[in-house]
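Taking it in order: structure first as C-alpha cells, then the write-up.
The values are calculated or read from the model by the stated rules, or taken from the named source; none is laboratory data. Predicted model only: the values in this text are computed from it and were never measured. Every residue, glycine among them, receives a Cβ derived from its backbone with ideal geometry; neighbour counts consider all protein chains shown. Only protein heavy atoms, including side chains, enter the accessible area calculation; ligands, DNA and RNA are left aside. Shrake-Rupley method; radii C 1.70, N 1.55, O 1.52, S 1.80 Å.
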Amino acid sequence: MLSTILNAFTVAEIRKKLAFTALLLALYRLGSHIPAPGINSRAVEEIQQNFSNGGILNFLNLFSGGGLSRIALFALGIMPYVTASIILQLLTVVVPSLERLQREGEVGQQRITQYTRYLTVGLAFAQSIAYVFLFRSFQQEAGTSIITNFTLAKVMLIAICLTAGCMLVMWMGELITQRGIGNGISLMIMASIVAGFPQGVRAWWTSPDPVFKVMMPFLALAVIAAIVFVQEGQRRIPVQYARRVIGQRMTQGGQTYLPLRVNMAGVIPVIFAASIMAFPPTIGQLLNTPWATDLANFFSPSGWAYLVGESLFIIMFTYMYTAITFNPVEQADNLKRYGGFIPGVRPGRPTAEFLDRILARLTFPGAIFLALVAIFPTILINQTNANFFFGGTSILIVIGVALDTMKQLEAQLMMRNYEGFLR
C-alpha cells in the first residue's frame with residue numbers, strides 16, 4: 001500500500017490534484033480560525049463552555065471544525081448547502097417542474113444546482129442572523145462583550161461575512177470535486193470532524209475508567225471493520241448479452257454482472273438526517289424561551305427522541321437517495337437496448353420489477369445498519385457514561401468519505417496502469 005501511495009505521487013496529474021485538494025482543505029481550516037469582524041476574541045474564549053458541555057451546539061461545532069465556537073468566518077461550515085440540497089431533493093418529488101428538470105439530464109441538474117446555491121444564500125443569511133443573537137445571549141450570561149457596539153450595522157456586517165464565508169466554502173468544495181480528488185463537500189465535512197481527532201485521543205487517554213481505555217481501541221476497530229464490510233458489500237446480478245449484428249460486424253455475446261451495493265446511498269443519508277434533526281434543538285437554543293428550551297432538551301442529541309428521529313430519517317433518506325441514484329426502469333431499458341438480459345427474467349418491465357424487488361431487499365439491511373451505527377455510541381454513552389468524543393454519525397461520515405475518496409484515487413491509478421489500493 002505504501003508503494004502505491006508513492007506511485008500516486010509520481011504521476012504529475014494526480015500529484016497536482018492531490019496538492020490542489022490539500023491546499024483548499026488547508027484554506028478551509030484556516031478560515032475556521034479567523035474570527036469574524038466585530039468579534040471580541042478574548043470574550044469568545046470565555047464562552048467555550050457553552051460548546052463543550054454537550055448538546056446541539058457541540059454537535060454543530062463538530063461539523064464546522066470548531067469554527068462556530070470561535071465565531072470564525074467559516075462558522076457556518078457547509079451545512080447550509082447540505083440543508084438546501086435536502087430541500088431541493090425533497091421538492092423534486094412533489095414539484096412537477098423540478099421533476100422535469102431532473103429528467104433533463106446534465107442541463108436540468110445544472111439548473112437544480114443553481115437553485116440550490118440561491119437557497120443556500122438565504123439559509124446561510126438567516127442562520128447568521130440567528131447566531132448573532134445567540135452569541136449576544138451568551139455575552140449577557142457571561143457578562144462580557146462578545147460583539148462590541150451591538151447595532152443593526154454591526155449585525156448586518158457579521159451576518160454578511162458569515163454568509164460570504166459559507167458561500168466561499170461551497171465554492172471551494174465544488175472546485176475540489178471538479179479539479180481535485182474526491183467529493184469536495186464530503187471532504188470538507190470529513191476535515192471538520194478529523195480536526196477534532198487529537199482532542200478525542202486526549203479524552204480517551206485521560207479517561208479515569210481503565211476498562212474503557214483498554215476496550216475502546218478494540219471497539220473502534222470492530223466498528224470500522226463492520227462499516228467497511230457493509231459499505232463494500234454488494235450483490236452481483238448475472239447479465240447475459242446475446243450476439244448482435246452492428247453494421248457488417250457480428251458482436252460476440254458474453255456474460256457479466258450488475259453490481260448492486262447493500263448501501264448504495266453511502267453516507268449521504270447520515271448527513272441529511274443529522275442536518276434535519278439539528279434543526280429543532282437549534283431553534284430552541286436560539287429563541288431561549290421556556291417552550292423553546294423544553295424543545296431543545298426534548299430533541300437533545302443524547303435523548304431518545306433524537307435517536308429515534310435520526311434513525312427514521314436515515315432509513316427514509318437511504319431509500320429516497322437510492323431511488324434517485326438507481327432507476328430500475330432505466331437500467332432495464334438499457335439492458336434491453338444493448339441486447340442484455342438477466343437469466344430467468346424476461347426483458348423490459350419484468351426485469352425492472354425484478355431489480356426493484358432485489359434493491360428494496362438490499363437497501364433495508366443497509367439502512368438499518370446505518371441507523372444502528374449512528375445511534376450505537378450514544379446509547380453506549382448513556383448506559384456506561386463512557387467518554388466517547390466521536391458519535392456514530394461522525395464515524396460513518398469519516399469512513400464512508402475515506403472509502404469513496406480511495407476508490408476515486410484507485411480509478412485514477414487504474415487509468416494509468418498502476419496497481420491500486422484495492423488489489
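Taking the conditions (1) touching a residue at least 40 places away in the same chain (Cβ under 8 Å); (2) part of a loop (DSSP other than H, G, I, E, B) in turn, residue 344 satisfies each one other than (1).
One line per residue, one yes/no per condition, for (1) open to solvent by 60 Å² or more (accessible area, probe 1.4 Å); (2) assigned to a helix (DSSP H, G or I); (3) modelled with pLDDT of 70 or more:
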residue	(1), (2), (3)
7	no, yes, no
15	yes, yes, yes
21	no, yes, yes
27	yes, yes, yes
56	no, yes, no
61	no, yes, yes
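On the stretch given as segment 336-359, residues that are of a type in the set (A, V, I, L, M, F, W, C) and either on the phi > 0 side of the Ramachandran plot or under 32 Å from the mean Cα position of the chain (by Cα) (or both) total 5.
A search for C-beta distances below 7 Å between a residue of segment 118-135 that is more than 13 Å from residue 74 (Cα to Cα) and modelled with pLDDT under 90 and any residue that is open to solvent by 50 Å² or more (accessible area, probe 1.4 Å) and part of a helix (DSSP H, G or I), counting only pairs 6+ apart in sequence or on different chains, returns 134/285.
Look at segment 168-196: where a residue is farther than 12 Å from residue 63 by Cα and a partner is crowded, with 19+ Cβ neighbours inside 10 Å and of a type in the set (Lys, Arg), sitting 6+ places away or on another chain with Cβ atoms under 7 Å, you get 179/17; 180/17; 181/17.
Hey, can you tell me all the residues within segment 29-54 that are in contact with a Cys (Cβ under 8 Å, 6 or more places away or on another chain) and either of a type outside the set (A, V, I, L, M) or modelled with pLDDT under 70 (or both)? The answer is 37, and nothing else. Would you please name the residue that is nearest to residue 373 (Cα to Cα), looking only at residues in segment 221-238 that are open to solvent by less than 60 Å² (accessible area, probe 1.4 Å) and assigned to a strand (DSSP E or B)? Looking at the filtered set, the residue picked out is 237. Within segment 187-215, being open to solvent by less than 50 Å² (accessible area, probe 1.4 Å), touching a Ser or Thr at 6+ places or on another chain (Cβ under 8 Å) and assigned to a helix (DSSP H, G or I) holds for 187, 192, 193, 212. Quick check on residue 295: is it among the aliphatic types (A, V, I, L, M) and either at pLDDT below 75 or touching an Asp or Glu at 6+ places or on another chain (Cβ under 6 Å) (or both)? No, not satisfied.
Is it the case that some residue within segment 309-326 is among the small types (Gly, Ala, Ser), over 30 Å from residue 91 (Cβ atoms) and either open to solvent by less than 30 Å² (accessible area, probe 1.4 Å) or free of Cβ contacts under 8 Å to residues at least 24 places away in the same chain (or both)? Within segment 309-326, none of the residues are among the small types (Gly, Ala, Ser), over 30 Å from residue 91 (Cβ atoms) and either open to solvent by less than 30 Å² (accessible area, probe 1.4 Å) or free of Cβ contacts under 8 Å to residues at least 24 places away in the same chain (or both). Scanning segment 205-212 for any residue that is touching a helix residue (DSSP H, G or I) at 6+ places or on another chain (Cβ under 6 Å) and either among the basic types (Lys, Arg) or over 20 Å from residue 63 (Cβ atoms) (or both) turns up at least one such residue.
One residue alone among 126, 153, 130, 72 is open to solvent by less than 10 Å² (accessible area, probe 1.4 Å) and hydrophobic (A, V, I, L, M, F, W, C), and that residue is 72.
If the condition is being assigned to a loop (DSSP other than H, G, I, E, B) and either at pLDDT 85 or above or within 15 Å of residue 325 (Cβ to Cβ) (or both), then segment 79-103 contributes no residue at all.
For segment 95-113, a residue qualifies if it is open to solvent by 80 Å² or more (accessible area, probe 1.4 Å) and among the β-branched types (Val, Ile, Thr), and exactly one does: 107. Tell me, yes or no, whether segment 139-147 has at least one residue that is modelled with pLDDT under 90, in contact with a Gly (Cβ under 9 Å, 6 or more places away or on another chain) and of a type outside the set (S, T, N, Q). The answer is yes; a qualifying residue exists.
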